[in-house]
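Below is one structure, written out as structure tokens; comments come after it.
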Amino acid sequence: GDSPLADESLDAVTILTVHGAKGLEAPIVILPDCAQPNTALRGELLKTSEDGAVWKARSDQMPPLHESLQDAAKAADARERDRLLYVALTRAEKWLIVAAAGDLGKKGEAWYDQVREGMTAAGAAPHSYDFGGLGSGEGLSLGQTDWTHLSLRDSNRPPEPPPDLPEIFTRPAPVPRIPPATRLPSDLGGAKALPGAEGDTEELAKARGTLIHRLLEYLPAVAEPGRAEMARRLLDMAPGASEHARLFDTMEDEALAVLSTPALARFFGPDALAEVPLTADLPGLGRIYGVIDRLIVSPDRVTAVDFKTNATVPDRPDATPEALLRQMGAYAEMLKHLYPKHEIETAILWTRSAALMTLPHDLVTAALARTTSP
């Protein structure tokens, strides 16, 4: 088919590399950058055979073998440049313009020097060029370059009528439906702490919660004698370890107390799934994504447990802060879709008291129903 260079009606300039122009033609071709080439060898290896190579050495420390391999590689590069020059020179149908700016070098390797030598041998005549406000210069001209005696012909062809397209291509595109942003179970509204509860600042409380979760994630895999040492190492790597040393000590004690409580052992054993991601579209709430701290799946029951590091622990399930109930309600609703034949149970493990609080299903379901739509 026609190349993008072959359409004379195009009111445009096509810019291509020599490699990209291979096989194409155009009425007028300009080679604008034919100055001194970069002949430095790329890479750090010199090929000795199809299966062998040696490292390049400094020119003042180069053994004869390396020197001969380097000369051979440079000669191969020079032959490749000559092949590319041939490609460049044969792209023009009517007029070829070769130009250069800057240093041409002293070895005659520049394409400008090679073309000038060839034109001189072919009988090219000196020619003065005027570039308007850009100045003037001397060059060579070979062949017909004056076409002022020719009559002008408008080569612009009338545009072809557009083809008849199927109706699917002409009707307006439907307005895309942008789904609401994904929500987190912890961001469904409501209070996250008991009224009047005292504790750390919000920033410290978040950092404290993150670190205790990290300890409870990694420490169960450590044998009992080494848990305290590992907990200290993990906390020492956390930001602010020296600034909040006393606070970090309480985190270590809290995590180790949870792991040493017999009633909680099943949530850190081999049957418990840790850090389980869940996502689902919930009616009226949109897409919800969350990560359950522990999940235990038995033949007839699924138990979802979330770790909470609140400084003040409620004394009964219905006193649990609203935001936490809504979060657990979201987990219960997502799990119901995954395990429709199982009983779904949710619980909170309060790390401050190392106690598990099972939440009635109706309690968390009612809390989730109080969540407003996004």
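Which members of the range 85-124 meet the condition of being among the small types (Gly, Ala, Ser) and open to solvent by 50 Å² or more (accessible area, probe 1.4 Å)?
Within the range 85-124, ALA101, GLY102, ALA121, ALA122, GLY123 meet the criteria.
Pairs needed: first member in the range 13-31, open to solvent by less than 80 Å² (accessible area, probe 1.4 Å) and among the polar types (S, T, N, Q); second member anywhere, modelled with pLDDT under 85 and not in a loop (DSSP other than H, G, I, E, B); C-beta distance under 9 Å; at least 6 residues apart or different chains.
Once the first residue is open to solvent by less than 80 Å² (accessible area, probe 1.4 Å) and among the polar types (S, T, N, Q) and sits in the range 13-31, its partners that are modelled with pLDDT under 85 and not in a loop (DSSP other than H, G, I, E, B) give THR14/ALA21.
Scanning the range 245-276 for residues that are over 39 Å from the mean Cα position of the chain (by Cα), modelled with pLDDT of 90 or more and among the β-branched types (Val, Ile, Thr), which turns out least open to solvent (accessible area, probe 1.4 Å)?
VAL258
Could you tell me whether the range 357-364 includes any residue that is free of Cβ contacts under 8 Å to residues at least 24 places away in the same chain and surrounded by fewer than 17 Cβ atoms within 10 Å (Cβ to Cβ)?
So far as the range 357-364 goes, yes, one or more of its residues are free of Cβ contacts under 8 Å to residues at least 24 places away in the same chain and surrounded by fewer than 17 Cβ atoms within 10 Å (Cβ to Cβ).
Can you tell which of GLU67, GLU80 is of a type outside the set (Ser, Thr, Tyr) and surrounded by fewer than 12 Cβ atoms within 10 Å (Cβ to Cβ)?
On inspection, the qualifying residue turns out to be GLU80.
I'm checking my understanding of the structure. Among residues of the range 277-309 that are closer than 15 Å to SER186 by Cα and free of Cβ contacts under 8 Å to residues at least 24 places away in the same chain, which one is most open to solvent (accessible area, probe 1.4 Å)?
Among those residues, the one meeting the criterion is PRO277.
Taking the conditions exactly as written (among the small types (Gly, Ala, Ser), modelled with pLDDT of 85 or more and open to solvent by less than 60 Å² (accessible area, probe 1.4 Å)), does GLY135 satisfy them or not?
no
If you check LEU194 against the conditions, is it open to solvent by less than 100 Å² (accessible area, probe 1.4 Å), modelled with pLDDT of 80 or more and over 30 Å from the mean Cα position of the chain (by Cα)?
Spelling it out, it is not the case that LEU194 is open to solvent by less than 100 Å² (accessible area, probe 1.4 Å), modelled with pLDDT of 80 or more and over 30 Å from the mean Cα position of the chain (by Cα).
I need the full set of residues from the range 333-374 which are small (Gly, Ala, Ser) and at pLDDT below 95, in order please.
Listed by number, the residues that qualify are SER353, ALA354, ALA355, ALA366, ALA367, ALA369, SER373.
The values are calculated or read from the model by the stated rules, or taken from the named source; none is laboratory data. Note that the coordinates shown come from a computational prediction; the quantities given were computed from them, not determined experimentally. We place every Cβ from the backbone using ideal geometry, glycine too, and count neighbours over all the protein chains shown. These area figures cover heavy atoms from the full protein model, side chains too; ligands, DNA and RNA do not enter into them. Shrake-Rupley method; radii C 1.70, N 1.55, O 1.52, S 1.80 Å.
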